[in-house]
Amino acid sequence: MKKLLLLSLMMAAFGTVQAQKGQPPLVYSVENTGSGFKQPAMPGWDQLPEIRELPDPLQGVKNFKKWSQRRSDISHMIQHYGIGTKPAVEPGQVKARMSGDTLIVDVTVNGQTLTLTSEIRYPQTGQPPYALMIGTSMMSLPRQLFENRPIAIMNFREKQVNDYGQFGRHHERGEHNFDRLYPALKDNGAYSEWAWGLSRLIDGLQQLGPEVTKIDTKHIGVTGCSYAGKMALYCGAFDERVALTIAQEPGGGGAAAWRKSHESKVRVEDIDKTDYHWFLESQKTNFSGDSVYRLPYDQHELCAMVCPRALLLLGNPDYEWLSDPAMLVSAQAAKKVWEFFGIGDRMGWSIVGKHGHCQLPESQWPEVQAFIDRFLLGRDADTRNISVVKDL
């Protein structure tokens, strides 16, 4: 009986949806499979070597079993040098409930409670439990992509965690709701805190279960555009319960490699010019200018953290600020990780111009539909060789 119980617990911790026998999992049932690994040494910025080319995301990885630790090391580096800490949360610190179609999640840490709410909009087709697409801040993908698909929609209201916005009034670093729970992390950038918040929504969905929420937590996607495209990428990279990440026009600090943006001949969102409410201020202090080559990772490794789950990057080269040439270099470098494990069809990109910012043209719909159908609905959609580049 004890052996059977142990086996059940192991399956629950590492249980996954498999594409087919022998392949890496499509998704996990835990937020971070590498939580047991120790943080690697984090030298001071002036002790880091210059690395002119993109660092190797597969350093020391000889097989898929080693990937979890390497992914954990990358995660620690991004948190330490780039965005700040995304703290772990114990199950007992989260209490979830439904009020009608609204999910309510209370997170209590250090005697302080933060409440997240989000309405779930259920589809008019199919039967529960439904796949779920979460929009970071809002759903920027065209509604037509979901109207005839059995996919529920909800938005992550990130200002409930950290209310920074580039326009209008907001609190300053150390004054956000997140900071009430974690005052020692007041120097965090917004992206670590927003990623933390989205994970708490997933905690709530898991805690209540599909009988209450009507949601299949094995088929959760996250998407957003522009600053929220960055947010979607960080949320998907840092939570292995997200089966599909679609980062739309994420720009610098998202998928675009910092090193390659620094070398751009046009003005782009490089490590010097991005918004530092989003990142650790020490990132600019330590890695601005040519010091960017001392950064021990780059954004292709943020993308690679999504592996073995599915990732689609969407670009718009009409907006030079987004640094899409650097995103393409990053995407090509990241995809080598999926290809190394024989699952290159789980990662792709579509960079197409001649449209407004965050206004996905119909010409890009087929790529998005293929990823949604395959990785949220389990349909037999072809996601091989999705590497569309036009107008770049």
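The values are calculated or read from the model by the stated rules, or taken from the named source; none is laboratory data. Quick caveat, the model's predicted, so the values are computed rather than measured. Using ideal geometry, Cβ is built from the backbone for each residue, glycine included, and neighbour counts are taken over all protein chains shown. Accessible surface areas use protein heavy atoms only, side chains included; no ligands, DNA or RNA. Shrake-Rupley method; radii C 1.70, N 1.55, O 1.52, S 1.80 Å.
Subtracting the Cα-Cα distance of Asp46 and Thr102 from their residue separation scaled by 0.36 nm leaves 15.3 nm.
Which of the trypsin sites (Lys or Arg not before Pro) found in the stretch 127-229 are loop residues per DSSP with 11 or fewer other Cβ atoms within 10 Å of their Cβ? Filter output for the stretch 127-229: Arg143, Arg169. Residues in the stretch 181-198 carry Karplus couplings, in order, of 7, 10, x, 6, 9, 5, 7, 3, x, 4, 5, 5, 6, 5, 4, 4, x, 4 Hz; the curve used is 6.51 cos²θ - 1.76 cosθ + 1.60 with θ = phi - 60°, and Gly or Pro positions show x. Set against the labelled values (1) 100, 53, 41; (2) 52, 49, 39; (3) 56, 49, 49, Cα extents along the principal axes in Å computed from this structure falls on (3). Averaging 1/r across all pairs of distinct Cα atoms in the stretch 24-128 and inverting the result yields a Kirkwood radius of 17.9 Å. Put simply, the amide H of Val27, placed in the peptide plane, has neighbours under 5 Å in Val17, leaving out anything fewer than 5 places away on its chain.
Applying the Karplus relation 6.51 cos²θ - 1.76 cosθ + 1.60 with θ = phi - 60° to the stretch 225-236 yields 3J(HN,Hα) values of 10, 6, 4, 6, x, 4, 4, 4, 5, 5, 5, x Hz, where x marks Gly and Pro. Were the residues from Phe37 through Gln59 laid out at 0.36 nm apart, the gain over their Cα-Cα distance would be 6.3 nm.
Accessible-area rank, largest first, for Thr33, Thr108: Thr108, Thr33, with all protein chains present and a 1.4 angstrom probe. Only aspartates and glutamates eight or more places from Lys265 in sequence, or on another chain, were considered; those with a Cα closer than 19 Å are Glu53, Asp290, Asp318, Glu320, Asp324, Asp391.
By definition, a body whose alpha carbon gyration tensor gives a ≥ b ≥ c is oblate when a/c is 1.5 or more and a/b is not larger than b/c, and the stretch 100-165 fits this oblate description.
Think of each Lys and Arg Cβ as +1 and each Asp and Glu Cβ as -1; about the Cα centre, that makes the dipole of the chain roughly 1120 debye. Carbon-plus-sulfur accessible fraction, the stretch 155-256 (probe radius 1.4 Å, protein heavy atoms only): 49%. Under 5 Å between amide hydrogens, built in the peptide plane, is the criterion, and for Gly251 it picks out Ala256 among residues at least 5 positions away or on other chains. When the residues Met139, Met327 are ordered by accessible surface, computed with a 1.4 Å probe over the protein chains alone, the sequence from largest down reads Met139, Met327. Applying the criteria of a DSSP loop state and at most 12 other Cβ atoms within 10 Å to the trypsin sites (Lys or Arg not before Pro) of the stretch 243-329 yields Lys265, Arg267.
When you filter the trypsin sites (Lys or Arg not before Pro) in the stretch 333-383 for DSSP loop state and at most 14 other Cβ atoms inside 10 Å of their Cβ, you are left with Lys354, Arg379. Between Tyr227, Gly378, Pro150, the Cα set farthest toward the positive side of the dipole of the chain (charges on each charged residue's Cβ, about the Cα centre) is that of Gly378. Each residue of the stretch 274-282 was assigned a 3J(HN,Hα) from its phi angle through the Karplus expression (A = 6.51, B = -1.76, C = 1.60, θ = phi - 60°), giving 6, 7, 8, 5, 7, 10, 4, 4, 5 Hz with x at Gly and Pro.
Compared with the direct C-alpha span, the chain from Lys66 to Asp382 gains 110.9 nm at full extension, assuming 0.36 nm per residue. Remark on Ala131: its backbone amide H falls under 5 Å from those of Ala152, Asp216, a criterion applied only to residues 5 or more positions apart or on other chains, H modelled at 1.01 Å from N.
With every protein chain left in place, what is the accessible area per residue of the chain in square angstrom, probe 1.4 Å? Each residue of the chain exposes 43 Å² on average to a 1.4 Å probe.
Summing +1 for each Lys or Arg and -1 for each Asp or Glu among the other residues whose beta-carbon sits under 11 angstrom from that of Arg259 gives -3. Considering only DSSP beta bridges where both residues belong to the chain, give the percentage that are antiparallel (nearest 5). About 40 percent, rounded to the nearest 5.
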